[in-house]
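**Q** Please see the structure below; I have some questions.
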């Protein structure tokens, strides 16, 4: 995804006499032509001269980033930029820059209702205090649902959500619990949340700011932060078909999914509380043959380091099966995945 500069002041503080009168719309169209235009076009020829005659066919474009102008000015920009860009290449998909501070619903609902027919995703950012690992994911999930109601009443009911920057601001175990809760929220809201991207992705281990990266490195080695460990565990046990869960959760976040062939059930669970939780899931009409459990348990301030890169890592746990009910224990401050063969 390429983010287009539309000339908003916060990204263009170092203007020189040569850039003071930049035509930002033409700049965007030139980027689009460079990426997707034929080699016979002005900027396609530049791309070809740079060694890539075939178009890159970049599909995803976002209109600026973390807007600090008024919502009225941004809506006017959307109405200028998007028709021109889609006029040049009607195959592209557009994300509008949604909220990241202030009154989020006011900003997002106005974009959706006043310019939503122009774009495909509403993109927003949220970075949470790591101490919100227990309730922060649920708060964001509630906002997804509120935004879905706005979209359903808008002129464009096909708009989807792109959570384009998310994280908790730490690399201790709190950020792993937060990541697990939020990933579960994404799956529960899969009807409206279509894409998500955490930040930071990479960070040098001696950097002095933004200590929340998934991958932390130096010249000789690297270590995964807890958010990486949880996301990898979730991804390694991905199954695409979401299943409805009913019953009491008692502070535990659980999602259930099933493989396309129907032979595998996956339960992804997070216990952000300070108490052990006994979890039982009954599968209606199907008896599991066997189950495997991988569990991550740590103190809230535990972390991986270059010296101990696997301090926080999945361990094998036990899952007794009684008929069509799967039971497993979640210790305090833990996250885990159960794979059931059906």
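**Q** Can you pull out every residue in segment 320-337 that is more than 21 Å from residue 274 (Cα to Cα) and either at pLDDT 95 or above or buried (at least 20 other Cβ atoms within 10 Å of the Cβ) (or both)?
**A** Once the filter is applied, which keeps residues that are more than 21 Å from residue 274 (Cα to Cα) and either at pLDDT 95 or above or buried (at least 20 other Cβ atoms within 10 Å of the Cβ) (or both), segment 320-337 yields only 326.
**Q** Would it be correct to say that residue 233 is on the phi < 0 side of the Ramachandran plot, surrounded by 12 or more Cβ atoms within 10 Å (Cβ to Cβ), in contact with a strand residue (DSSP E or B) (Cβ under 9 Å, 6 or more places away or on another chain) and modelled with pLDDT under 95?
**A** Criteria not met by residue 233.
**Q** Out of 282, 257, I need the residue that is touching a residue at least 12 places away in the same chain (Cβ under 8 Å) and under 22 Å from the mean Cα position of the chain (by Cα). Which one?
**A** 257 is the lone residue from the list that is touching a residue at least 12 places away in the same chain (Cβ under 8 Å) and under 22 Å from the mean Cα position of the chain (by Cα).
**Q** Moving on. Counting only residues that are surrounded by 14 or more Cβ atoms within 10 Å (Cβ to Cβ) and out of contact with any strand residue (DSSP E or B) (no Cβ under 7 Å at 6 or more places or on another chain), which one in segment 260-279 is farthest from residue 236 (Cα to Cα)?
**A** It comes out as 273.
**Q** Now for a separate question. Residues that are touching a helix residue (DSSP H, G or I) at 6+ places or on another chain (Cβ under 9 Å) and surrounded by fewer than 16 Cβ atoms within 10 Å (Cβ to Cβ): which helices (runs of 4 or more DSSP H) entirely in segment 1-96 hold 3 or more of them?
**A** 71-88
**Q** Continuing with the same structure: Could you please give the count of residues in segment 196-248 that are in a strand (DSSP E or B) and under 28 Å from residue 97 (Cα atoms)?
**A** Final tally of qualifying residues: 6.
**Q** I'd like the full set of residues that are assigned to a strand (DSSP E or B) and surrounded by 17 or more Cβ atoms within 10 Å (Cβ to Cβ), limited to segment 280-303.
**A** Matches in segment 280-303: 281, 291, 293, 294, 295, 296, 297.
The values are calculated or read from the model by the stated rules, or taken from the named source; none is laboratory data. As the structure is a prediction and not an experimental result, all values here were calculated from the model. Don't worry about glycine lacking a Cβ; one is built from the backbone with ideal geometry, like all the others, and counts go over all protein chains shown.
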